[in-house]
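Structure first, commentary second.
The values are calculated or read from the model by the stated rules, or taken from the named source; none is laboratory data. From a predicted model like this one, the values you see are computed outputs, not experimental measurements. Cβ placement follows ideal geometry from the backbone for every residue including glycine, while neighbour counts extend to all protein chains displayed.
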Amino acid sequence: MPADGAAPEGALAATAQHTVWLCRPGHSPDPCTTSRAATSVSGKGSTAEVSSSARSSSPKEFDCFYVYPTVSTEETANADLRVQSSEIAAAVTQASRFSAACRVWAPMYRQVTVHGLVTGLIIQPSVLNTAYQSLLSAW
């Protein structure tokens with residue numbers, strides 16, 4: 001790897017073949033196509049069910065790329081590529097909203113973890129570079 005931390009050309013293409021997907025069209029289970037049903041609570045406390053299906057019968061005309069936020073509670077600076085409940089929850093609550101309009105693609109990446117943020121490890125260039133290169137390699 002070059003001194004600037006960039007991956008050599010071709011290394012990214014080879015890595016993309018091994019992408020771990022949180023969400024992708026045709027993948028099951030796909031948390032990005034989870035039902036978006038919700039409960040609406042008025043200021044007076046009354047509730048109403050609000051239903052909206054992420055799976056519509058109309059074909060989607062374009063793809064969406066979703067990068068989930070910092071959610072990993074792993075005790076390292078960068079997360080591994082295991083699909084865990086924190087990433088699934090982020091996809092259900094955020095990305096599933098987009099699936100009504102587009103095909104959602106969401107790769108797992110070596111995000112900076114909550115631990116990395118809290119302990120200040122994020123200021124190390126290698127930690128941010130690991131997260132960025134991991135995300136970039138998915139494509």
Pairs where the first residue, in segment 52-67, is under 15 Å from Thr34 (Cβ atoms) and modelled with pLDDT of 55 or more and the second is among the charged types (D, E, K, R) and in a loop (DSSP other than H, G, I, E, B), C-beta under 6 Å, 6+ apart: Ser52/Arg36
Residue check for Asn78: within 20 Å of His18 (Cβ to Cβ), out of contact with any strand residue (DSSP E or B) (no Cβ under 7 Å at 6 or more places or on another chain) and not aromatic (Phe, Trp, Tyr): no
Flag for Ala91 being within 15 Å of Arg36 (Cα to Cα), under 13 Å from the mean Cα position of the chain (by Cα) and in a helix (DSSP H, G or I): yes
Residue that is farthest from the chain's Cα centre (by Cα) [pool: residues in segment 94-107 that are in a helix (DSSP H, G or I), under 13 Å from Val67 (Cα atoms) and in contact (Cβ under 8 Å) with a residue 40 or more places away in the chain]: Phe98
For Arg110: the one exception among (1) closer than 19 Å to Pro29 by Cα; (2) in a loop (DSSP other than H, G, I, E, B): (1)
